[in-house]
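Structure, as structure tokens:
The values are calculated or read from the model by the stated rules, or taken from the named source; none is laboratory data. In this text the structure is predicted, and so the values were computed from the model without any measurement. Neighbour counts are summed over all protein chains in view; Cβ atoms, including those assigned to glycine, are modelled from backbone coordinates with ideal geometry. Protein only, heavy atoms only, side chains kept; ligands, DNA and RNA dropped before computing areas. Shrake-Rupley method; radii C 1.70, N 1.55, O 1.52, S 1.80 Å.
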Amino acid sequence: MNMTIALKSASAGSRALVYVSLAAVIEGFDLQAAGIAAPKIGPAFHMTPQQMGLFFSAATFGLMFGALVGGYTADRWGRRAGLVIALAAFGVASIATIFSTSVEMLIALRFLTGVGLGGALPNLVSIASEAVGPERKGRAVAIMYAGMPLGAAVASLVALLDLHGGDWRSIFLVGGILPLLLVPFIYAGLPPLKTVASTSERKTPWTEVFRPDAMVTTVLLWSAFFLGLMVVYLLMNWLPQLLVGQGFSRSEASLALILYSLGGTVGSLIGGRVLDGSQRVVAIGASFAFVAAALAMLGLLPPALATMLVTVTLVGVGVLCVQSILYGIAPQCYPSEIRGTGVGVVVAVGRLGSMAGPLLAGVLVAQGSTPADVMLVLVPIILACGLGTLALVARRFRPALA
């Protein structure tokens, strides 16, 4: 009898991981959709550089608000409901984008798409973390998170090979249909996972997340996410331009971005094993040192194509490895009844870093910094992120995870 229950539980956990991993792939694809469409959508709507900047930024702002709403929804109505609502929201908004008749409508729909994308992530993290036993939580979140760079790589490959036929609408159409197709499978295949039932419990998430005695852990977590996503999104947005500035062609830079994303998929899986390992403190420290070394190599090595492609892949492995570690840690900071809200707030704070990173690169380039200078600036940022992560593990998780 116990064996049957265990097998059913394992099967349900595996099914949940498959669904959230597929959702993460779709999310990664949709996050890249605007970048793929930009070369065509800009001329089609006669967009100025400022309007194009608003178009890109709208999704980022939406992601921040969506993370807060999606996390609370996960605790209020359950993970399944939160994820279904988020998938449906960004699916419908993405499809609606193809019917835009003005720049203002494009920006508004991109914001709404971002709200849905942001709302999905806290639910994906919570479901993955709760699908397995305590000894495999890091790996489960990592498997889910690996889907995001994989989806981004697929989107970049579509752009490189021009598989969308130069039609910007097809990108948003595919990005909208895929989450809507997944919704019925998630609704039918996942349990409600409702964690909050009573009125009094419904009031606890926000007060518990901001509890004074938990603020040191919270601040460390926020700081690490802010700095980590600052590096991730600076590279995601600026890597091709920086490589072109070093003398590489646009097609070579696009290939490098694909390798960066594929390396990130591998790195995400490594991050999960690092977090669940017996020597996690040493391994986490080594992971951040590896990222710093890879970024320094990318800035200092001579601009030879083969060397650049290998180094960019290593940077992708390292950067997404440490980000996967952070996503694995986050849900373990909070009890199940407030986990969605806690992770949602962390994701929202991290989105501030994702906005700051590209802005920092823009300021540095405008001031005359070389691509190598920009890469080297990232080294102390990722090391500071590493110190915050190690402090968090030492303070909060080492006894619990050992």
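Values as computed for the structure displayed
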| item | result |
| --- | --- |
| Gly175 vs. criteria surrounded by 17 or more Cβ atoms within 10 Å (Cβ to Cβ), within 23 Å of Phe56 (Cα to Cα) and in contact with a Phe, Trp or Tyr (Cβ under 7 Å, 6 or more places away or on another chain) | yes |
| Residues (within 25 Å of Ala38 (Cα to Cα) and among the hydroxyl-bearing types (Ser, Thr, Tyr)) located in region 58-80 | Thr60 |
| Evaluation of Asp75 against (1) modelled with pLDDT of 85 or more; (2) more than 25 Å from Gly362 (Cα to Cα); (3) under 21 Å from the mean Cα position of the chain (by Cα) (one fails), failing number | (1) |
| Test set (1) surrounded by 14 or more Cβ atoms within 10 Å (Cβ to Cβ); (2) modelled with pLDDT under 65; (3) assigned to a helix (DSSP H, G or I) - Ser200 fails condition number | (1) |
| Scan of region 226-257 for residues that are among the polar types (S, T, N, Q) and over 23 Å from the mean Cα position of the chain (by Cα), ordered by number | Gln246, Ser249, Ser251 |
| Residues being open to solvent by 20 Å² or more (accessible area, probe 1.4 Å), of a type in the set (Val, Ile, Thr) and more than 21 Å from Val84 (Cα to Cα) - total across region 103-131 | 1 |
| Per-region count, region 322-344, residues open to solvent by 10 Å² or more (accessible area, probe 1.4 Å) and either within 15 Å of the chain's Cα centre (by Cα) or among the β-branched types (Val, Ile, Thr) (or both) | 0 |
| Test: residue in region 355-363 that is without any contact (Cβ under 8 Å) to a residue 60 or more places away in the chain and closer than 30 Å to Val216 by Cα | yes |
| Criterion: among the small types (Gly, Ala, Ser), at pLDDT below 95 and more than 21 Å from Ala140 (Cβ to Cβ) - qualifying residue of Gly277, Gly285, Gly267, Gly328 | Gly285 |
| Some residue of region 92-99 being at pLDDT 90 or above and not in a helix (DSSP H, G or I) | yes |
| Top-ranked residue in region 86-102 [being of a type outside the set (Gly, Ala, Ser) and surrounded by 24 or more Cβ atoms within 10 Å (Cβ to Cβ); ranked as nearest to Met52 (Cα to Cα)] | Thr97 |
| Qualifying residues in region 293-304 (those that are open to solvent by 50 Å² or more (accessible area, probe 1.4 Å), free of Cβ contacts under 8 Å to residues at least 24 places away in the same chain and not in a helix (DSSP H, G or I)) - the one farthest from Val379 (Cα to Cα) | Pro302 |
| Every residue from region 328-355 that is farther than 9 Å from Phe225 by Cα and aliphatic (A, V, I, L, M) | Ile329, Ala330, Ile338, Val343, Val345, Ala348, Leu352, Met355 |
| Pairs where the first residue, in region 178-205, is basic (Lys, Arg) and the second is at pLDDT 80 or above and surrounded by 14 or more Cβ atoms within 10 Å (Cβ to Cβ), C-beta under 6 Å, 6+ apart | Lys194/Gly78 |
| In region 74-85, the residues that are under 21 Å from Leu17 (Cβ atoms) and open to solvent by 10 Å² or more (accessible area, probe 1.4 Å) | Arg80, Ala81, Val84, Ile85 |
| Among residues of region 348-372, those that are part of a helix (DSSP H, G or I) and of a type outside the set (A, V, I, L, M, F, W, C), counted | 8 |
| Search result, residues across region 39-55 that are in a loop (DSSP other than H, G, I, E, B) and either touching an Asp or Glu at 6+ places or on another chain (Cβ under 8 Å) or closer than 12 Å to Met105 by Cβ (or both) | Phe45 |
| Subset of region 356-380 [modelled with pLDDT of 85 or more, open to solvent by 20 Å² or more (accessible area, probe 1.4 Å) and under 29 Å from Val69 (Cβ atoms)] | Ala356, Leu360 |
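Here's the yes/no breakdown for (1) open to solvent by 50 Å² or more (accessible area, probe 1.4 Å); (2) touching a Ser or Thr at 6+ places or on another chain (Cβ under 6 Å):
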residue: Leu257; (1), (2): no, yes
residue: Arg273; (1), (2): yes, no
residue: Val291; (1), (2): no, no
residue: Ala306; (1), (2): yes, no
residue: Leu320; (1), (2): no, yes
